[in-house]
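Heads up, the thing below is written out as structure tokens.
The values are calculated or read from the model by the stated rules, or taken from the named source; none is laboratory data. All figures in this text were calculated on a predicted structure; none of them were measured in a lab. Methodologically, a virtual Cβ is constructed for each residue, glycine included, from the backbone with ideal geometry; neighbour enumeration extends over all protein chains shown.
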Amino acid sequence: MDMLKMQTANKADGNFRKLAEMFPNAVTETIDENGEVVRAIDKDVLMQEISCKVVEGREERYQFTWPDKKKSVLLANAPINKTLRPCREESVDFDNTENLYIEGDNLEVLKLLQETYLGKIKMIYIDPPYNTGNDFVYEDDFAQSTEEYLAKSGQFDDEGNRLVKNLDSNGRFHTDWLNMIYPRLRLAKDLLSDDGAIFISIDDNENDNMKKLCNEAFGERNFVACVAWQRNYAPISLKKFFSESHEYCYVYAKNIDQFQMNLLPRTEKQNKDYVNPDNDPRGVWKVGNLTVGPAVDKQIYEIVGPTGKHFLPPSGYCWRFTKERFEELRNDNRIWFGADGNNSPVPKLFLSEVQDGVTPMTLWTFDEAGHNQTATRELRDIFESSIFTSPKPVKYITRYVQLGMNKDDIILDFFSGSATTAHAVMQLNAEDGGHRKFIMVQLPEPCDEKSEAYKAGYKNICEIGKERIRRAGQKIKEESPLTTQDLDIGFRVLKCDTSNMKDVYYNPADFEVSLFETAVDNIQEDRTPEDLLFQVMLDLGVLLSSKIEKTEIAGKKVFNVADGFLVACFDENVTEETIREIAKQKPYYFVMRDSSMASDSVATSFKQIFALYSPDTVRKVL
């Protein structure tokens with residue numbers, strides 16, 4: 001039993017734990033007054049975390065750093081003037097689905113999701129660029145002019161995001177990749193629930209750096225495992241030294257004390273040895289081992305079988321159980337002497353008493369998790385051509401989803417690529433009746449004009465991902481029509497774009513109803529009411545997958561989101577009748593444009609109407 005400490009708690013230790021939890025990258029090691037290495041808080045890193053400017057300062061200590069690291073911290077914390085705009089025409093079942101497909105730079109999208117999905121994502125899986133020398137890396141430094149940038153790379157996506165091919169001849173080869181991935185990991189951590197985890201695929205090119213980055217972003221104590229996956233089953237003879245047949249997946253928990261990983265389902269192969277030759281009412285069983293070593297005297301005794309045959313454990317061994325426990329098991333028909341009763345005794349292990357699943361190992365072979373050729377065939381079956389390079393097999397991603405998610409959780413993949421993660425989620429939901437939801441995020445990186453994808457009519461990777469989800473979802477439905485009636489194979493397409501507001505960027509919470517009298521039309525002309533609604537949902541923390549109902553009140557279009565949690569009206573010339581009917585619905589939030597009042601008298605009576613019918617409604621304006 002534990003001994004009482006008989007002293008008050010060390011508050012410094014408590015403060016250290018709190019800081020380490022909030023800023024794991026500030027945890028370091030130093031030498032104390034006795035010359036011993038101890039854990040400490042790096043004050044420079046801590047100062048940087050709470051500063052809006054680059055903090056200078058360096059001293060000798062254990063740390064992981066690279067050029068521009070401090071700027072990458074600033075990049076993660078810097079605000080942006082962007083929003084997400086819905087695109088119904090590219091969506092599937094927009095009004096009913098709970099899945100999202102978001103187009104845009106994932107750094108910007110992760111920032112936009114911070115308010116709405118903070119602590120709500122159970123699992124993140126990403127397959128980021130491996131930095132092979134041919135990967136495109138997101139260009140996050142916008143200090144260059146367009147001309148300077150074009151001279152450097154000439155690469156843009158459809159939305160004007162800049163892409164740089166990170167060639168290994170580049171003197172900043174590792175630095176550019178680290179500056180790209182680090183702020184994204186920091187933002188991703190905040191989205192995870194306290195019992196959530198992130199799964200990150202990587203190969204040898206940045207394996208070492210990825211581990212160090214994750215230790216900083218998530219904390220070394222939250223490391224769960226590094227899985228090695230056999231991605232190839234045959235050697236490549238053209239390789240100079242070794243033919244690489246594996247890659248890795250790092251698993252980090254948000255909080256290791258709260259993380260509970262699921263078990264993998266048992267396979268037919270694992271269950272094939274369970275039989276029931278004696279028709280035991282407890283069901284099928286298999287034999288165990290009754291002997292163990294080294295020998296323990298009190299567990300060495302003679303056993304007499306049902307035919308009178310005598311048995312002793314082999315030399316140097318003993319029976320697994322004491323004599324008393326053995327007799328209890330024997331009386332409960334849990335000892336087997338063979339069909340004729342002459343065999344050495346063994347315990348019966350019942351399948352019904354085995355844990356419902358298997359603890360995963362850290363080595364995954366291609367026969368249990370698929371391989372690259374499997375993934376290529378899967379895409380070919382869907383698109384009738386190989387339109388994407390190096391996809392992951394559905395079986396491989398499915399195993400991670402089984403381990404990291406429960407049936408009603410949300411998974412985020414912000415390097416979505418060909419959308420294998422979405423495919424795996426839909427497939428698994430079809431198999432076990434789950435309601436897992438996915439959020440795919442992908443930069444609309446242009447397809448090479450010489451590629452099979454471009455020849456097939458796909459201009460960018462997002463078009464491939466969306467079409468894969470459409471086709472895969474329909475295929476899953478057709479293959480199991482009776483068991484997939486309620487399967488969600490839809491997705492809402494949202495596209496990252498500039499703010500809906502003209503020249504200014506603000507949060508509706510900063511404005512009061514009293515500002516109606518100074519209202520001016522500050523909305524960009526090309527924006528729709530639904531565009532405004534989704535920016536409001538982002539600002540107020542309303543899930544982007546929430547059910548949206550459109551009604552008409554006194555001739556004005558009104559949005560009802562999440563069963564009355566948010567009601568919004570962005571039409572012009574809103575009358576008292578519309579305001580009154582909305583107030584009667586008693587929404588938690590009501591939002592409208594600051595130039596929407598039909599007259600000064602409507603603006604004057606606005607407060608009185610809500611004070612009468614719904615005084616607790618939080619009112620905001622755009």
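Quick notes on this one:
- Scanning the stretch 580-597 for residues that are within 11 Å of V567 (Cα to Cα) and either in contact (Cβ under 8 Å) with a residue 40 or more places away in the chain or not assigned by TED's automatic domain parsing to the domain that holds P529 (or both) gives Y589, V591.
- Scanning the stretch 275-289 for residues that are under 16 Å from V354 (Cβ atoms) and among the polar types (S, T, N, Q) yields N276, N289.
- Check on L403, under 23 Å from the mean Cα position of the chain (by Cα) and either crowded, with 23+ Cβ neighbours inside 10 Å or not assigned by TED's automatic domain parsing to the domain that holds I126 (or both): no
- Which numbered condition I181 fails, given (1) farther than 22 Å from Y117 by Cβ; (2) of a type in the set (V, I, T); (3) in contact (Cβ under 8 Å) with a residue 40 or more places away in the chain: (1)
Here is a yes/no grid of residues against (1) part of a loop (DSSP other than H, G, I, E, B); (2) closer than 25 Å to A197 by Cβ; (3) in contact with a helix residue (DSSP H, G or I) (Cβ under 8 Å, 6 or more places away or on another chain); (4) of a type in the set (A, V, I, L, M):
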position	(1), (2), (3), (4)
L329	no, no, no, yes
S344	yes, no, no, no
T376	no, no, no, no
Y396	no, yes, yes, no
V401	no, yes, yes, yes
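- Single residue of G338, G370 found to be free of Cβ contacts under 8 Å to residues at least 40 places away in the same chain, assigned by TED's automatic domain parsing to the domain that holds A472 and surrounded by 12 or more Cβ atoms within 10 Å (Cβ to Cβ): G370
- Out of I102, I80, sole residue that is of a type in the set (A, V, I, L, M), touching a helix residue (DSSP H, G or I) at 6+ places or on another chain (Cβ under 9 Å), in a loop (DSSP other than H, G, I, E, B) and in contact (Cβ under 8 Å) with a residue 12 or more places away in the chain: I80
- Residue satisfying all of: in the stretch 465-484; part of a loop (DSSP other than H, G, I, E, B) and of a type outside the set (S, T, N, Q); surrounded by the most Cβ atoms within 10 Å (Cβ to Cβ) among these: P481
- Filter result for F438 (touching a residue at least 60 places away in the same chain (Cβ under 8 Å) and assigned to a loop (DSSP other than H, G, I, E, B)): no
Conditions (1) modelled with pLDDT under 90; (2) not β-branched (V, I, T), marked per residue:
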position: D176; (1), (2): yes, yes
position: Y182; (1), (2): no, yes
position: D194; (1), (2): no, yes
position: I198; (1), (2): no, no
position: I202; (1), (2): no, no
position: G219; (1), (2): no, yes
position: S245; (1), (2): no, yes
position: D257; (1), (2): no, yes
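- Hits in the stretch 416-444 (condition: surrounded by fewer than 20 Cβ atoms within 10 Å (Cβ to Cβ) and under 11 Å from the mean Cα position of the chain (by Cα)): none
- Residue within the stretch 29-36 that is touching a strand residue (DSSP E or B) at 6+ places or on another chain (Cβ under 9 Å) and without any contact (Cβ under 8 Å) to a residue 24 or more places away in the chain present: yes
- Qualifying position, being under 30 Å from I335 (Cα atoms) and surrounded by 13 or more Cβ atoms within 10 Å (Cβ to Cβ), among P277, P265, P183: P265
- Any hit, the stretch 569-589, residues being small (G, A, S) and not in a helix (DSSP H, G or I): no
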